[in-house]
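Shown next, in structure tokens, is the structure this report addresses.
The values are calculated or read from the model by the stated rules, or taken from the named source; none is laboratory data. This is a predicted model, so every value here is computed, not measured. Cβ: placed from backbone, ideal geometry, glycine included. Neighbour counts: every protein chain shown. Areas reflect the complete protein model, heavy atoms only, side chains present, ligands, DNA and RNA absent. Shrake-Rupley method; radii C 1.70, N 1.55, O 1.52, S 1.80 Å.
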Amino acid sequence: MAGIKVNEERCKGCGLCVGACPKQILALSKDRINAKGYHPVEMIDKDKCTGCTSCAIMCPDVVITVER
């Protein structure tokens, strides 16, 4: 099953990965804030992830790792 891992402490919550996801299954967390004060990205529906890597390619800080 495909999925992603996010280095939440390095994520600056820019949202570029959210817009790049073709399945629209990423969102900025409403509950968590990292040490830098940003809301990191999170996957909201793991079952729909295809492992396409669009989110990881779009991330300017390389905080997303795609697992297949």
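Observations on the structure shown:
- Computed over protein heavy atoms with a 1.4 Å probe, the accessible surface of the chain works out to 65 Å² per residue.
- For the chain: lysine pairs under 23 Å (alpha-carbon distance), excluding those fewer than 8 apart on one chain: 13
- Think of each Lys and Arg Cβ as +1 and each Asp and Glu Cβ as -1; about the Cα centre, that makes the dipole of the chain roughly 60 debye.
- Subtracting the Cα-Cα distance of residue 48 and residue 27 from 0.36 nm times their residue separation leaves 6.2 nm of extension gain.
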